[in-house]
Every structure is written in structure tokens, then in C-alpha cells.
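Everything below concerns the one structure shown next.
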Amino acid sequence: FSASLQYFGDIVLSSGMSVSGTGYVITLDGAGSNITTSGITWTAYIVVDCGTGTWAQLDDFTTNSSPSALECFSGTWAVGAHALTLSGSAGSLDVQGGTLSSTTGTVSLTGAGAPAFIVESGTVSMINGTINIGSSSLVLLGGTMIVGTFTCNGQVSLAGTDVQIGTGGATYNKIEVDSGSLSAISGYTMTVTGTAITVSSAGGGGSGGGSWTFC
């Protein structure tokens, strides 16, 4: 990747390829298409901006891009039943519009630096999927987020709209409520370990900005 490029068709890597280049933006454009990596680790920063289209993983996708790894502005990045792994030292995943979706797939942030899963607007639709962000942080500024199984050893910061996390089970270390209210999904029990739940008075004392539902 030695230039910033826009892709309008299928991307298919061969298992024998060598991939390099980190300083450029790869935009997945057009009406969407399919991407197959054949076990090759992606190195460049990806922007999904395909209107109402869908870019679909046809196999597991791993990227070591850092500091930003994947941003969704419009359209859908479809994990399907596969794995999306961000292994960069600060490889953040940012949903700024559009949709991050899966059927039964898994999204993992495994970088040892300071990556983050950020939802600013748009939708994370993974009701039967899994998100494991390890020691990274989850920052919910807006949009809608639904995920089945969720694990976070870092901090969850809430300052946006509605969310359902952990209908298949969840583990939290610390939740900071900057705005909104916090409750368990009906029929579930919310358990927070570590430093538990804090409410930021600077953010309105948890009195407005959405209803946060966890279990």
C-alpha cells in the first residue's frame, strides 16, 4: 500500500502474498463488495464509505494498522460468521455512521497499546455476535449498539443513546456514566467487577442522554 486508493470491486488476496505499507488510507467505496484475505494480515488504514452498500468478509480479517485501523462512515462492514481482529498497538475501531454487523462473528481488539472501540453514530448490530476488547476502552458517544457476548477489562464510557450489551453474557471492569441511565436487560443480572460504576457530575450526573441497558 504505497498510495491512498479507493476500491470499487472485490478484493482477493492470495495466501502467498506479502503485504506492507501503513501510511495510506484505503477507502472501500462503490456499492460495496467482498473481501478475502486468505490469512494475510492487512497493514493499511481502512475507511468504509460505500453509501447504502455492504462490504462483506468472506473469511477472517486481521489488521495491524495503527493508530487507526478501521472506520465506518457509511454503508455496512459485515463480519458475518468470521473474525475481525485489530492487532495494532493502538488500532482503534471507530463507527461514525453506517453499520458494523455480524451473524455469529467475533470482533477482537488485541493490541497492547491504547486502542479503543468508539461508536459515535450509526449502528453496531451483533445480537448473536461477540466483542472482546481486552484491556482497551469502549466509548459510546451515540448511535445504537447491540451485542450478544461482550468482554472488557478496560473502561466503558457512556455518553450517547441506547445500547444493549451482553444478552449472551458480559464482563465489565469499570463503567463511567457521563450521561444517561444504567439498568440490566429484563431477565438478566448486571455484574460489574473491578472499580465498578462511577457517575460523572460533569456529564450531567447520569440524568439525560439515553437509557443504557446492560446485563
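Give the shape of the stretch 52-112 as rounded, prolate or oblate, defined through the alpha-carbon gyration tensor: a ≥ b ≥ c are the square roots of its eigenvalues, a/c under 1.5 means rounded, and otherwise the shape is prolate if a/b is larger than b/c and oblate if not.
Verdict is oblate for the stretch 52-112.
Local charge sum around residue 38 (other residues, Cβ-Cβ under 11 Å, Lys/Arg +1, Asp/Glu -1)? Each step should come with its number before you reach the end.
Details: positive: none; negative: 59, 60.
Summing Lys and Arg as +1 and Asp and Glu as -1 gives -2.
Amide H to amide H under 5 Å from residue 34: which residues, 5+ apart in sequence or cross-chain, H placed 1.01 Å off N in plane?
10, 11, 56
With θ set to phi - 60° and the Karplus curve 6.51 cos²θ - 1.76 cosθ + 1.60, what are the ³J(HN,Hα) couplings of the stretch 95-101 in order, to the nearest whole Hz, using x for Gly and Pro?
Karplus values, whole Hz, x for Gly and Pro: 9, 10, x, x, 9, 9, 10.
Which percent of the accessible heavy-atom area of the stretch 112-180 goes to carbon and sulfur, probe 1.4 angstrom?
48
How many nm is it between the label spots at residue 38 and residue 4, if each spot is 7 Å from the Cα in line with the beta carbon?
Distance between the two pseudo-spin positions: 2.9 nm.
Nearest 0.05, what FRET efficiency do residue 60 and residue 103 give at R0 = 25 Å with Cβ-Cβ as r? Provide the component values of the computation, followed by the final result.
On the way: r = 14 Å, r/R0 = 0.56.
So the FRET efficiency works out to roughly 0.95.
Keeping the other protein chains in place, figure out the carbon and sulfur percent of the accessible area of the stretch 33-107, with a 1.4 Å probe. Provide the component values of the computation, followed by the final result.
On the way: 1130 of 2230 Å².
Carbon-and-sulfur percentage of accessible area, whole number: 51.
Classify the stretch 1-125 as rounded, prolate or oblate, taking a ≥ b ≥ c as the square roots of the eigenvalues of its Cα gyration tensor: rounded when a/c is under 1.5, otherwise prolate if a/b is larger than b/c and oblate if not.
Details: a/c = 1.25, a/b = 1.07, b/c = 1.17.
Rounded, since a/c falls under 1.5.
What number comes out for the charge environment of residue 25, summing +1 per Lys or Arg and -1 per Asp or Glu over other residues with Cβ under 12 Å away?
Summing Lys/Arg as +1 and Asp/Glu as -1 gives -3.
Going by amide H atoms built from the backbone, whose H comes under 5 Å of the H on residue 95, apart from near neighbours?
72, 118, 119, 120
Please say if the stretch 74-142 is rounded, prolate or oblate, where rounded means a/c under 1.5 for a ≥ b ≥ c the square roots of the C-alpha gyration tensor eigenvalues, and otherwise the choice is prolate for a/b larger than b/c and oblate otherwise? Kindly include the intermediate steps, with their values, before the conclusion.
Details: a/c = 1.90, a/b = 1.22, b/c = 1.56.
Oblate is the answer for the stretch 74-142, as a/c is 1.5 or above yet b/c matches or exceeds a/b.
Apply the Karplus parameterisation 6.51 cos²θ - 1.76 cosθ + 1.60, with θ equal to phi minus 60°, to every residue of the stretch 62-71 and state each ³J(HN,Hα) to the nearest whole Hz, in sequence, with x for glycine and proline.
Here the 3J(HN,Hα) series is 10, 10, 10, 4, 7, x, 9, 10, 8, 10 Hz.
The values are calculated or read from the model by the stated rules, or taken from the named source; none is laboratory data. Note that the coordinates shown come from a computational prediction; the quantities given were computed from them, not determined experimentally. Every residue, glycine among them, receives a Cβ derived from its backbone with ideal geometry; neighbour counts consider all protein chains shown. Protein only, heavy atoms only, side chains kept; ligands, DNA and RNA dropped before computing areas. Shrake-Rupley method; radii C 1.70, N 1.55, O 1.52, S 1.80 Å.
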